[in-house]
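Novice: This structure is in structure tokens; I'll ask about it shortly.
The values are calculated or read from the model by the stated rules, or taken from the named source; none is laboratory data. Note that this is a predicted model, so its numbers are computed, not measured. So basically every Cβ, Gly included, is an ideal-geometry build from the backbone, and we count neighbours across all protein chains shown.
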Amino acid sequence: MKIAVSGKGGVGKTLVSGTLASYYSQKGFKVMAIDADPSPNLALTLGIPVEEANKILPISENAKLLEEKTKTDYPGVFKLHFTVDDIIEENGMQSPYGVNLLVMGTVKSAGSGCACGANAVVRELLRHMIVDRDEIVVVDMEAGIEHMGRGTASQVDVMIVVADSSRKSLEIAKKLSTFAHQAGIQKVYVVGNRVRDPEEKELITNFTQNNNLPLLALIPYDDTVVKADRVGEAPLKYAETSESVKAIQQIAEKLLQERT
């Protein structure tokens, strides 16, 4: 099963991605997590220390790979006609929970170019990969809607769109859901995050109902998860018994029940 997690920046999609991946690994699945956000921080959520995370060679910084595999004579046009079986071994790192992390990379400075080539590699990786019943891929997508235009997540089985109770994040969730269906993704679900009170629950529930958006779950706000982020610990380690973590684990189980 290939799962993409998307949403507006700051709504907690990386928390959902990392906790899903770690939970599935604990259950015995072979799990790959792909950090496809140009501002990558999934490693910390997976429990990989900063010092180790900095050693990961992102796809976007593997100049030889991009030069040989994607370059054409036309600016902004990339080609992909290669297999990607060896990319994981060369560019990945395993978390303490057994999750294999692959990082797309980031744009480090003005004028250094876009991440289109790296997005193309991730897209091809997802297209090429045959996932067995005991394997799960979780992709932490770039914040916002631009990645849908690149088709990065078009090869996944499920898209989870994370939103909080703010109108901006809910509107982006609506757009992402529409684009995901247009891209041919059959299973698209909204997950409400950081729900503090009945009013926020009602806001998210009413918006999804009024816009025919399947609401998979509501994740309650939990300060222990915030504290885990502050100290750079994986939520499963620092806040294992938190209500937020439990809610995400329940999401993981629902997805297992619904897979074909």
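To keep it simple, each residue is scored yes or no on (1) closer than 30 Å to Lys27 by Cα; (2) small (Gly, Ala, Ser).
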| residue | (1), (2) |
| --- | --- |
| Ser177 | yes, yes |
| Ala183 | no, yes |
| Gln186 | yes, no |
| Val190 | yes, no |
| Arg196 | yes, no |
| Leu215 | yes, no |
| Gly232 | yes, yes |
| Leu255 | yes, no |
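Novice: Here's a follow-up. Starting from the range 225-248, keep only residues that are modelled with pLDDT of 85 or more, then list their pairs with residues that are among the charged types (D, E, K, R) whose Cβ atoms are within a distance under 6 Å, requiring at least 6 positions of separation or different chains.
Specialist: Ser242/Asp222; Glu243/Asp222; Ser244/Asp222
Novice: Further question: If you check Ile172, Ile185, Ile160, which single one turns out to be out of contact with any Lys or Arg (no Cβ under 9 Å at 6 or more places or on another chain) and of a type in the set (A, V, I, L, M)?
Specialist: Ile185
Novice: Answer yes or no: is there a residue in the range 208-216 that is on the phi > 0 side of the Ramachandran plot and among the polar types (S, T, N, Q).
Specialist: Within the range 208-216, one or more residues are on the phi > 0 side of the Ramachandran plot and among the polar types (S, T, N, Q).
Novice: A follow-up question, please. Is there any pair with a first residue in the range 82-101 that is crowded, with 17+ Cβ neighbours inside 10 Å and a second that is in a loop (DSSP other than H, G, I, E, B) and at pLDDT below 75 whose Cβ atoms are under 7 Å apart and which are 6 or more apart or on different chains, and what are they?
Specialist: Short answer, once both residue conditions are applied: Asn91/Asn62.
Novice: Among the residues of the range 145-167, is any in contact with a Ser or Thr (Cβ under 9 Å, 6 or more places away or on another chain), among the hydrophobic types (A, V, I, L, M, F, W, C), assigned to a helix (DSSP H, G or I) and under 23 Å from Met32 (Cβ atoms)?
Specialist: yes
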